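Before any comments, here is the structure.
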Amino acid sequence: MLHNRPPFRSASIWVAATVSALVAASAAAQLAPAAPGTSVQGPQPLPSTIGNGVNLPDMGSGANAMITRSDEYQVGRMMMKNLRDEGRVLEDPEATEYIQNLGSHIGAQAQEGTQRFSFFVVKDRSINAFAIPGGFIGMNAGLVLQTSNESELAGVLAHEIGHVVQRHIARAIQAESRMSLPMMAAMLGAILVGVAGGGEGALGLLSVAQGAAMQSQINFTRMEEAEADRVGIGFLAAANFDPNGMASAFSMMNRAEGVKIEYYKMPDLLRSHPVTTLRIAEARARATQLPAVRRADPPSYTLIRERLRVITASAEEDLRPYYAKMKGSGTDMLAMQYGAALADLKANDAASAVETLRQLVDANPGVTIFHSALGEAQMAAGDQAGALRTFEHAVALYPRNVPVTVRYAETLMKADRAGKAHQVLLDLFNNDTPTPDQIRLTALAASAAGETGDAYYYMAEFHLSSGDLMLATQQLDLALAEPRLTQVQRKRFTARREEIRDILREQRLQRGNR
């Protein structure tokens, strides 16, 4: 984990106690079935080498004996629900697709077929990245903005992937298992309060529970940080990024810490993974042992960086003067024009945004992000027909592109064409696993189209995606109460409800046997 300050309120208990959530998971039944289109696999032995020939320590079966990957995934989903409920996850299709594609490319170098990865952006301008149980990896918008090139960003992601692949959380639980039962119970209470949104109360309970055990846990974390650096840099090189990107990213974070840019200085006791000059030097030394890579940043990196700059700015911040100044600075003009158009749109100058984006689309028809931005700007300017033409052209050029299709569906709903929106979303998500926010959008489209049964069904899937089985069954009960269901719908909804009920029954039996 890399951070300069706690990224969000209740999740700040991660510094000392996230691993304790997994103890709760291993002591309880699975919280929910896998999200639609995914599978939950049990633990498998790690390969002896990963990616660019990176040697891994032989961890044996100890971590697996304490907690399975399935357990980690269920707890991770529970924590993701909490982050979404607090509005911390940036639900932006363009940014999400970019960070997911980048992270998946690096994660593929791990050659760990049983480990899933899910990458997301956090609405926070501080410099931070973190992994939570189950392979969920968060990247603060502020970190993306502070990077100078894509290899730096990839270096941070590779470090977090190293934490996941090395199963550092499960290994930490082994160390914690030697704690006394009262202390462990108090820690479990803290993490459960935090997951439920307890925030500061959870922090207080945690500080009491940890006591003298804190320092040993943090020392263990420092060891894990070094290991994640070593393993991650191999993934970085194997994915054809400049291996110097990791050390460069650490240097950037060290400079930011030194001048305290948007930095909350934590007590030294809790600084579990400081970015020290030694750590930077070690990363540089490792990079010299790997093949040198010279690569130009793809347009997607600079475009998403400017997109995040605009959409995460405060409502009062007007970025138009910034982009006017940057036009003559010799920076990436394509990204600057895109950022300027988004800044115009945010400042309610849709006409200027349309003019800039139309020029970008005409000159760069292969850049999908320009098409969706143009459609949104045309809609904001009151040109509904023009917006729909733009999106229809874009989806014809790029069928089933997630950001383009989602933005098209949103525009269709604004144009009172919910039935069409429902149709295009179904076509997309029958071929691509949706995010929870996209499942909810599909439910809203179905509801607006008068497809009540489908709307309840999608809301059931939305609750399943965050591990809430009881709410999912309630939504399916409502779906089955809809009198206009077809036989196919009724059978599908009934089968899904029974599947969830079977899991709930199994949970009750397991609790009764303990």
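The values are calculated or read from the model by the stated rules, or taken from the named source; none is laboratory data. Model, not experiment: these values are computed from the prediction. No Cβ is skipped: glycine too gets one built from the backbone with ideal geometry, and neighbour counts run over all protein chains shown.
Within region 415-438, track down each residue that is crowded, with 23+ Cβ neighbours inside 10 Å and farther than 22 Å from ALA394 by Cβ.
none
Within region 481-497, take every residue that is surrounded by 12 or more Cβ atoms within 10 Å (Cβ to Cβ) and assigned to a helix (DSSP H, G or I) and give me the one that is farthest from the chain's Cα centre (by Cα).
This residue is ARG490.
Can you tell me which residue is nearest to ASN364 (Cα to Cα) among those in region 282-322 that are in a helix (DSSP H, G or I) and small (Gly, Ala, Ser)?
Applying the filter and picking the extreme gives SER300.
Just need a number here: residues in region 367-411 that are closer than 16 Å to LEU342 by Cβ and touching a Pro at 6+ places or on another chain (Cβ under 6 Å).
2
Can you tell me which residue in region 269-285 is farthest from ALA228 (Cα to Cα), limited to those that are hydrophobic (A, V, I, L, M, F, W, C) and modelled with pLDDT under 60?
Only one residue fits best here, namely LEU269.
Yes/no matrix, rows are residues, columns are (1) among the aromatic types (Phe, Trp, Tyr); (2) at pLDDT 95 or above; (3) out of contact with any helix residue (DSSP H, G or I) (no Cβ under 6 Å at 6 or more places or on another chain):
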| site | (1), (2), (3) |
| --- | --- |
| ALA455 | no, yes, no |
| MET459 | no, yes, no |
| PHE462 | yes, no, no |
| SER466 | no, no, no |
| GLN475 | no, yes, no |
| ALA479 | no, yes, no |
| LYS491 | no, yes, yes |
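Conditions tested, residue by residue: (1) touching a Gly at 6+ places or on another chain (Cβ under 9 Å); (2) more than 22 Å from LEU342 (Cβ to Cβ).
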| residue | (1), (2) |
| --- | --- |
| LEU90 | no, no |
| GLU94 | no, no |
| TYR98 | no, no |
| LEU102 | no, no |
| GLY107 | yes, yes |
| GLN115 | yes, yes |
| ARG125 | yes, no |
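Please give the helices (runs of 4 or more DSSP H) falling wholly within region 349-414 in which 3 or more residues are surrounded by fewer than 19 Cβ atoms within 10 Å (Cβ to Cβ).
350-363, 384-397
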